[in-house]
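Visitor: First the structure, which I've put down as structure tokens, then a few questions once you've had a look.
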Amino acid sequence: MLSGTLALVQQNTNATYLTLSTIVTKNNNSAFECWQLTEPFQRSAVPGTSGAESLTLGNITNYGYSIIPPRFDGGLHNAPAPQYEVILFLKEG
């Protein structure tokens, strides 16, 4: 079983990487680990998310992770395929 929290970490190269704090099982014991994906976020050129920060998570067909800033207008567009979306609204402070 894997659980964790998501965080964004800015590295010296001005690229943003997704990091995850996780609880994993090793030798029948729980352990905390911090994972960082090897590929940074890229500026999207896909209609609907063009200009937003996007990330492809590994070798998975038609899967992505995007950060859409407040008041973002991605323009009118059609979905390229049936899709599920998870929208989280975060408030600072």
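Visitor: Every residue in region 67-81 that is of a type in the set (A, V, I, L, M) and under 13 Å from Ser50 (Cβ atoms), please.
Guide: Ile68, Leu76
Visitor: A further question on this structure: Could you list, in sequence order, the residues of region 49-62 that are over 17 Å from Leu88 (Cα atoms) and either surrounded by 14 or more Cβ atoms within 10 Å (Cβ to Cβ) or under 15 Å from the mean Cα position of the chain (by Cα) (or both)?
Guide: Ser50, Gly51, Thr56, Leu57, Gly58, Asn59, Ile60, Asn62
Visitor: Taking region 39-56 only, how many residues are free of Cβ contacts under 8 Å to residues at least 24 places away in the same chain and touching a Phe, Trp or Tyr at 6+ places or on another chain (Cβ under 6 Å)?
Guide: Residues in region 39-56 being free of Cβ contacts under 8 Å to residues at least 24 places away in the same chain and touching a Phe, Trp or Tyr at 6+ places or on another chain (Cβ under 6 Å): 0 in total.
Visitor: Which residues, counting only those in region 63-93, are surrounded by 10 or more Cβ atoms within 10 Å (Cβ to Cβ) and among the hydroxyl-bearing types (Ser, Thr, Tyr)?
Guide: Tyr63, Tyr65, Ser66
Visitor: A further question follows. From the residues in region 5-37 that are exposed (fewer than 12 other Cβ atoms within 10 Å of the Cβ) and among the hydroxyl-bearing types (Ser, Thr, Tyr), which one is modelled with the lowest pLDDT?
Guide: The qualifying residue modelled with the lowest pLDDT is Thr5.
Visitor: Residue by residue through region 50-87, note down the ones that are assigned to a loop (DSSP other than H, G, I, E, B), of a type in the set (Ser, Thr, Tyr) and within 15 Å of Thr16 (Cβ to Cβ).
Guide: Pass one, region 50-87, residues assigned to a loop (DSSP other than H, G, I, E, B): 50-52, 56-64, 68-87.
Of the ones still in play, those that are also of a type in the set (Ser, Thr, Tyr) are 50, 56, 61, 63, 84.
Selection gives Thr56 alone.
Visitor: Please count how many residues of region 32-85 are over 21 Å from Ala15 (Cα atoms) and among the charged types (D, E, K, R).
Guide: 4
Visitor: Additional query: Just one of Pro47, Pro40 is assigned to a loop (DSSP other than H, G, I, E, B), of a type outside the set (Val, Ile, Thr) and at pLDDT 85 or above; which is it?
Guide: Pro40
The values are calculated or read from the model by the stated rules, or taken from the named source; none is laboratory data. Because the structure is a prediction, the values reported are computed rather than measured. FYI the Cβ positions are ideal-geometry reconstructions off the backbone, even for glycines, and counts take in every protein chain you see.
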